[in-house]
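> The structure's right below; bear with me while I get my questions together.
The values are calculated or read from the model by the stated rules, or taken from the named source; none is laboratory data. The model shown is predicted, which means the values in this text are computed figures rather than measured ones. Note that we place each Cβ from the backbone using ideal geometry, even for glycine, and neighbour counts take in every protein chain shown.
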Amino acid sequence: MPAVAIVPAAGKGTRFGGGKLIADLNGEPLLDWTLWSLLDAGVARVVVVIAPGANLSPAKRLTDPRVTIVVNDDPSRGMLSSIQAGLAAAAGDPILFLPADMPFVASSTIAEVMNACIRRQRLVVPVHQGRSGHPIAIPNALRRAVLMAPPTSTLKEALAPFRPMGDELAVGDPGILRDVDVRGDLG
């Protein structure tokens, strides 16, 4: 089964002031950078989970045939509910999770995490200078555990029972730690 990535993109971006995922980042919408990194890494299918009524039309990579948009009917439950909506719409092995507001992750890092998960057949978490980041990758065998977790919990909580069996992967990419919360984070 080819790799799939779930990209939660249903947050309000309140601290950013709205329009975060279509904000200009080096001449392109922020979301396009995140999607490009995943597709360039060799992920076969990307599922972007949005809020009802979200307008992300400036993001041109959403029209890529490898990208599917899914609506989370109630994103107020938290990011895990968006991840679960994406998982319900797609299957793959491995499954990667990368929040939409993380455009600085290198595609080579994504490929490294994905390939480590394929080789090891266990949870893989990238680590840079002792800090865990994204994307997180899981084998398809852990899909059900994420789907069955309470939607108001977190991905970290859903995967906690498997963390001792997981692998940390040291990477040289500080982008795994860098998300965009406020406009100043774009620089």
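> If we scan the range 54-64, do we find a residue that is modelled with pLDDT of 95 or more, among the acidic types (Asp, Glu) and more than 18 Å from Val182 (Cα to Cα)?
Scanning the range 54-64, I find at least one residue that is modelled with pLDDT of 95 or more, among the acidic types (Asp, Glu) and more than 18 Å from Val182 (Cα to Cα), so the answer is yes.
> Still on this model: With respect to Leu186, determine if the residue is surrounded by 13 or more Cβ atoms within 10 Å (Cβ to Cβ), over 21 Å from Pro126 (Cα atoms) and of a type in the set (A, V, I, L, M).
It is true that Leu186 is surrounded by 13 or more Cβ atoms within 10 Å (Cβ to Cβ), over 21 Å from Pro126 (Cα atoms) and of a type in the set (A, V, I, L, M).
> Considering only residues that are more than 18 Å from Ala158 (Cα to Cα) and in contact (Cβ under 8 Å) with a residue 60 or more places away in the chain, which ones fall in the range 72-90?
Asn72, Ala90
> So, one more: Name every residue in the range 147-174 that is farther than 21 Å from Arg77 by Cβ, of a type outside the set (Asp, Glu) and touching a helix residue (DSSP H, G or I) at 6+ places or on another chain (Cβ under 7 Å), in order of residue number.
Phe162, Leu169, Val171, listed by residue number.
> Where residues in the range 134-176 are part of a loop (DSSP other than H, G, I, E, B) and touching a Ser or Thr at 6+ places or on another chain (Cβ under 7 Å), which of them is surrounded by the most Cβ atoms within 10 Å (Cβ to Cβ)?
Val171
> Within the group Ala137, Ala160, Ala141, which residue is of a type in the set (A, V, I, L, M) and without any contact (Cβ under 8 Å) to a residue 12 or more places away in the chain?
Ala160
> Please list, ordered by first then second residue, the pairs with beta carbon atoms under 7 Å, 6 or more apart or interchain, first in the range 170-184 and in contact (Cβ under 8 Å) with a residue 24 or more places away in the chain and closer than 17 Å to Leu21 by Cβ, second charged (D, E, K, R) and in a helix (DSSP H, G or I).
Going by the 7 Å Cβ cut-off, the qualifying pairs are Val180/Lys20.
> Answer yes or no: is there a residue in the range 97-117 that is closer than 23 Å to Met1 by Cα, among the aromatic types (Phe, Trp, Tyr) and either out of contact with any Lys or Arg (no Cβ under 8 Å at 6 or more places or on another chain) or surrounded by fewer than 22 Cβ atoms within 10 Å (Cβ to Cβ) (or both).
Yes - at least one qualifying residue is present in the range 97-117.
> Free of Cβ contacts under 8 Å to residues at least 12 places away in the same chain, out of contact with any Phe, Trp or Tyr (no Cβ under 8 Å at 6 or more places or on another chain) and of a type in the set (A, V, I, L, M): which single residue out of Met114, Met148 fits that description?
Result: Met148 is the single residue among Met114, Met148 that is free of Cβ contacts under 8 Å to residues at least 12 places away in the same chain, out of contact with any Phe, Trp or Tyr (no Cβ under 8 Å at 6 or more places or on another chain) and of a type in the set (A, V, I, L, M).
> If a residue has to be over 17 Å from the mean Cα position of the chain (by Cα) and either crowded, with 19+ Cβ neighbours inside 10 Å or at positive phi (or both) to count, how many in the range 30-53 make the cut?
So the count comes out to 1.
> Restrict the check to the range 18-30 and report whether at least one residue is part of a loop (DSSP other than H, G, I, E, B) and within 20 Å of Ile95 (Cβ to Cβ).
Checking the range 18-30: not a single residue is part of a loop (DSSP other than H, G, I, E, B) and within 20 Å of Ile95 (Cβ to Cβ).
> Condition check: of a type in the set (Lys, Arg) and within 15 Å of the chain's Cα centre (by Cα). Does Lys60 satisfy that?
no
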